[in-house]
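Chemist: Input: one structure, supplied below.
The values are calculated or read from the model by the stated rules, or taken from the named source; none is laboratory data. Predicted model only: the values in this text are computed from it and were never measured. Counting neighbours? That spans all protein chains shown, and the Cβs are built from the backbone with ideal geometry, glycine included. With ligands, DNA and RNA removed, areas are computed over all heavy atoms of the protein, side chains included. Shrake-Rupley method; radii C 1.70, N 1.55, O 1.52, S 1.80 Å.
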Amino acid sequence: MNDLSQESLLREIDEDIRRERYARLWKRFGNYIVAAVVAVLLGIGGYQFWQHRVEAQREEASARLSSATALIATDRAAAEQNLASLASDGPAGIAVLAALRQAALLAEGGDGQAARAVYQQVQRSASDPLYRDLAVLREGMVALGKENVPIDADALIEKLKPLTADSSPWRFSARELTALLASRSGQVTEARNLLQTLSADPLAPPDVRERAQQLMGDLAGG
């Protein structure tokens, strides 16, 4: 037998051995391999189904929010009810937007206590700190809007403290609101100091600086 024939025979034998080995391995582990592949395919399919479902739910919730908002002009009670429902069972982001709009409607309708309760719920449940902080600001504004109703000014000022930090996007509004709450609770000197600092801050928006100056004048006149 020449070298070429011998090499060919050895190669065939080697291939037969490999095929036999693979056959034994497949017989032993084939079911597990198939199960693993099926599990991966099911996982991919399940994830895609979940994504589709989440997107469908979000689109439906967005439509409900638009519908409830449009209803404000003709039926505020129904709009408020629809917003409350969406705030309760909608996807997280849209639920927060619905709750904020519901609270605004309640405040506009004169029910400051209910509006504050909704804002407090947003503060507890919203995952985005931007919305939580906005709810704190709005709660303070609603409280100040009730001129003849006693308010927990110190508690609200404490809530606003983190928002007055230089890193907060709400810092100027929070500082202005803190000054107003301090004035409302009789802390006139503290309010005046806050307003003076705010009116002299070159980074504060012009309208905020202008209001701070006007409020200082009102405090001086009072």
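Chemist: In segment 100-114, how many are in contact (Cβ under 8 Å) with a residue 24 or more places away in the chain and either of a type in the set (G, A, S) or not in a helix (DSSP H, G or I) (or both)?
Modeler: So in segment 100-114, the residues in contact (Cβ under 8 Å) with a residue 24 or more places away in the chain come out as 100-101, 103-107, 109, 112.
Those left that are additionally either of a type in the set (G, A, S) or not in a helix (DSSP H, G or I) (or both): 103-104, 107, 109, 112.
Residues meeting the conditions: 5.
Chemist: Additional query: Give the residues of segment 173-187 that are at pLDDT 90 or above and not aliphatic (A, V, I, L, M), sorted by residue number.
Modeler: S173, R175, E176, T178
Chemist: Say whether the condition of being of a type outside the set (V, I, T), closer than 30 Å to E139 by Cα, at pLDDT 60 or above and open to solvent by less than 80 Å² (accessible area, probe 1.4 Å) is met by at least one residue in segment 40-61. Walk me through it before giving the result.
Modeler: At the first step, the residues of segment 40-61 found to be of a type outside the set (V, I, T) are 41-43, 45-53, 55-61.
Checking the rest, the ones that are also closer than 30 Å to E139 by Cα come to 57-61.
If we keep only those that are at pLDDT 60 or above as well, we get 57-61.
Now restrict to residues that are open to solvent by less than 80 Å² (accessible area, probe 1.4 Å): 61.
Yes; the residues of segment 40-61 include at least one that is of a type outside the set (V, I, T), closer than 30 Å to E139 by Cα, at pLDDT 60 or above and open to solvent by less than 80 Å² (accessible area, probe 1.4 Å).
Chemist: Turning to a different aspect of this structure: So, in segment 176-220, exactly how many residues are assigned to a helix (DSSP H, G or I) and open to solvent by 30 Å² or more (accessible area, probe 1.4 Å)?
Modeler: Initially, segment 176-220 is screened for residues assigned to a helix (DSSP H, G or I), giving 176-184, 188-199, 206-220.
Narrowing further to those that are open to solvent by 30 Å² or more (accessible area, probe 1.4 Å): 180, 183-184, 188-190, 192-194, 196-197, 206-207, 209-211, 213-220.
Qualifying residue count, segment 176-220: 24.
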